[in-house]
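Student: One structure is given below, represented as structure tokens, and several questions about it will come after.
Only the coordinates and a few stated rules stand behind these numbers; no lab work does. Here the structure is a predicted model, which is why all the values come from computation and not from measurement. Virtual Cβ from ideal backbone geometry, glycine too; neighbours counted across all protein chains shown.
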Amino acid sequence: MKTIGVLTSGGDSPGMNAAVRAVVRKAIYHNLNVYGIYQGYAGLMAGNFKKLELGSVGDIIHRGGTMLYTARSEEFKTLEGQHSGIEQLNKHGVEGLVVIGGDGSYRGAQKLTEHGFPCIGLPGTIDNDIAGTDYTIGFNTALHTVIDAIDKIRDTATSHERTFIIEVMGRHAGDIALWAGLAGGAETIIIPEIDFKLEDVVGRIKSGQKRGKKHTIIVLAEGVSNGMDFAKLIERETSLETRVSVLGHIQRGGTPTAFDRVLASRLGGRAVELLIEGKGGRAVGMEQNRIVDYSFDEVFSKPHHIDETMYRLSQELSI
Ligand code: F6P
């Protein structure tokens, strides 16, 4: 292997830059050439390649977003799209590719590998919804952003004695809501993985009020419901003044935490090693602080699990 490529795809996440930097620097350390492929799979098909040097990835480890830009591409889901991507890779002499992204990005990487082009996946998404890793790159930073918001909302919620619904991202996964809810001391956490009863939520609000709680914070995962709809239900059942805060895309930006930078660096380094070892079709992750890799099939076949003990604990702590 003499030349590799790296791209970022799907929703960006803080720490993607640190992962790109690790891939580029590790590859150059091992005397490989590296191409950055801009705008994800769309850029791959369009031939948006640029040779990266050590200095190309200087001063990015602390920046959110991705210097390679990103995109979601429908065209790359087609056979023609995948073939034109491989044509571009061959044209530039690229022999292996590191794809940093979420579930959809992994599916693209798996397709390329099936067509004979070795790809390695790195889990870059705030959602923490990829199997084969305890944490995805960006999840930790997003949590810090959400907690910062919850802390601020708590101040005004207390002053006005209001109920707040805080809607957080996560697509179909409840990890952001669960972790941020526990860390932010939310009274109720609502996630797609665990069914809830409206009467229980209302009961918790009322019993909190009885013992003098000045506010209620409900962290709602976007995969369950829209915050506004949920607030209407709560107002109808409790007659309490309820406000909604949809945190939205601020969760995707910002300076990556030390944890995300270290995770990204470790995973990026391992991705290059795997390509040098002649391996493709692997997704790199971290489990119990060890760097691991699995085939894309293994990753897709493992269901995403939420830590139910954490959920129960959050309920016990917020009685
Ligand atoms: O997958 C990351 C994510 O931020 C999800 O949490 C969210 O549902 C989605 O992307 C939003 O995507 P977009 O930026 O395309 O609106």
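Student: What do you reckon, is R243 in a helix (DSSP H, G or I) and surrounded by 15 or more Cβ atoms within 10 Å (Cβ to Cβ)?
Tutor: Criteria not met by R243.
Student: On the given criteria, is Y69 within 15 Å of the ligand (Cβ to nearest atom), under 22 Å from the mean Cα position of the chain (by Cα) and surrounded by fewer than 22 Cβ atoms within 10 Å (Cβ to Cβ)?
Tutor: On the way: within 15 Å of the ligand (Cβ to nearest atom): yes; under 22 Å from the mean Cα position of the chain (by Cα): yes; surrounded by fewer than 22 Cβ atoms within 10 Å (Cβ to Cβ): yes.
Against the criterion (within 15 Å of the ligand (Cβ to nearest atom), under 22 Å from the mean Cα position of the chain (by Cα) and surrounded by fewer than 22 Cβ atoms within 10 Å (Cβ to Cβ)), Y69 qualifies.
Student: I've got another one for you. Kindly indicate the residue of the range 11-44 that is within 16 Å of the ligand (Cβ to nearest atom) and surrounded by 24 or more Cβ atoms within 10 Å (Cβ to Cβ) and also farthest from H62 (Cα to Cα) among those meeting that condition.
Tutor: Ranking the qualifying residues of the range 11-44, first place goes to Y41.
Student: Now for a separate question. Provide a single number: the residues in the range 146-167 that are buried (at least 24 other Cβ atoms within 10 Å of the Cβ) and in a helix (DSSP H, G or I).
Tutor: 1
Student: What single numbered condition from (1) crowded, with 16+ Cβ neighbours inside 10 Å; (2) part of a helix (DSSP H, G or I); (3) without any contact (Cβ under 8 Å) to a residue 60 or more places away in the chain fails to hold for L89?
Tutor: Of everything listed in (1) crowded, with 16+ Cβ neighbours inside 10 Å; (2) part of a helix (DSSP H, G or I); (3) without any contact (Cβ under 8 Å) to a residue 60 or more places away in the chain, L89 misses just condition (3).
Student: Report the residue count in the range 268-292 for those that are over 18 Å from the mean Cα position of the chain (by Cα), in a strand (DSSP E or B) and either of a type in the set (S, T, N, Q) or buried (at least 20 other Cβ atoms within 10 Å of the Cβ) (or both).
Tutor: 1
Student: Looking only at the range 203-240, filter to residues that are part of a helix (DSSP H, G or I) and under 22 Å from D175 (Cα atoms); which one of those is nearest to the ligand (Cβ to nearest atom)?
Tutor: G227
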